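See below for the structure under consideration.
The values are calculated or read from the model by the stated rules, or taken from the named source; none is laboratory data. This is a predicted model, so every value here is computed, not measured. All Cβ positions, even for glycine, are placed from backbone atoms using ideal geometry, and neighbour counts span all protein chains on display. In case anyone asks, the SASA skips ligands and DNA or RNA and just uses the protein heavy atoms, side chains included. Shrake-Rupley method; radii C 1.70, N 1.55, O 1.52, S 1.80 Å.
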Amino acid sequence: MSYEEGLSSTITDWLFFNSWWLLLPFIMLLVVAAFIVAFVLLLYMISPLIRMLSHLPPLNLQVTGGSSGIGKSIAMECYRQGAFITLVARDESKLVQVKNEVEKCVINDKQVFDVSKDYGQVESVIKQCQEKLGPVDMLVNCAGTSFSGKFEEVEVERFRSLMEVNYLGSVYPTWAVIAPMKERRMGLIMFVSSQAGQIGLFGYTAYSPSKFALRGLAESLQMEMKPYNIYVMVAYPPDTDTSGLAEENRTKPLEARLISETSGVTQPEQVGNFNISVGPDGYMLSALTCGMSPVTSITEGLQQIVTMGLFRTVALFYLGSFDSIVRRCMIEREQSKAADKRE
């Protein structure tokens, strides 16, 4: 080996050795970050979540929109725990059916289960129920309706009706119970939003804003009510196997259907922290959109801080796939139109 070759080999070995030392801090940082993320995710998986609907003491529970789906499941679970239940919904035949089903879950002869179809007068109904059964301990705002369609194909009236049902339909009953809760210095209010209330999606230009509005209401209300020991929660379920989903699917554009399939369909029984999420996708969305939302524990805040970067990276891939779906459907639709014209 010549002197030049030996010198070159020595320099190469020196650079290789020192490059590892230069990379070592970066590698150690990655390892530590990976351990932290794994630890936080492990805490999330094995630590029992705060379930307000588990092991409830006897209380007076009112559920709006409780004739089916999530509202019905919540009513049945709470009735199994010994609660007094009042359901308010529009469909009288469904209410009678639900009454028969829920009453099978009775655990003592003191429990009361009442229904009311007069949803148009929900404030007066709730006040009447309070006079009959006592003040409301927990209000669950499940009333809502869904619609999916392209913006220019949705009638203007639909935007108004969705905001009235999904947003104001939760404002009115909440307003009716808030004063007695403040007087008693206790209460729990839950709003049922949607994953479409966390992220705007194709085909939900009328629906998403009405569900986004619930988050703004809940966060503002929580800040006002916290000194009175009144707790506010928001649930963000994905597509849930209810009659409302079946109705929504009748008008859902292809793009919206393909995007929705990435989260799957959950059952009403699967639906606490301020943000109640369902499944890994729901947990990721709650962490990504937490913003100035309140936290109920240091662990929850730590989870959001540590996982934010990782979840944002994953979210970019999701958004890229959603854009790809929309673009592909547009191209296929244009090609189909062009083929029809040629024929």
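The figures follow:
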{"item": "Amide hydrogen neighbours beyond the local backbone of Gly187, cut-off 5 Å, H modeled", "result": "Tyr231"}
{"item": "In Å², nearest 10: area of Leu310 left accessible to a 1.4 Å probe", "result": "80 Å²"}
{"item": "Residue-by-residue Karplus 3J(HN,Hα) for the stretch 160-167, coefficients 6.51, -1.76, 1.60, Hz, glycine and proline x", "result": "5, 5, 5, 5, 5, 6, 6, 9"}
{"item": "Glu92 versus Arg328: modelled label distance in nm, points set 7 Å from Cα along the beta carbon direction", "result": "4.9 nm"}
{"item": "Separation of the Lys226 and Lys337 label points, Cα + 7 Å toward Cβ, nm", "result": "5.1 nm"}
{"item": "J(HN,Hα) series, the stretch 306-311, from Karplus relation 6.51 cos²θ - 1.76 cosθ + 1.60, nearest Hz, glycine and proline x", "result": "6, 8, 4, x, 4, 5"}
{"item": "Cα→Cβ-extended label distance, 7 Å offset, between Lys104 and Arg185, nm", "result": "4.3 nm"}
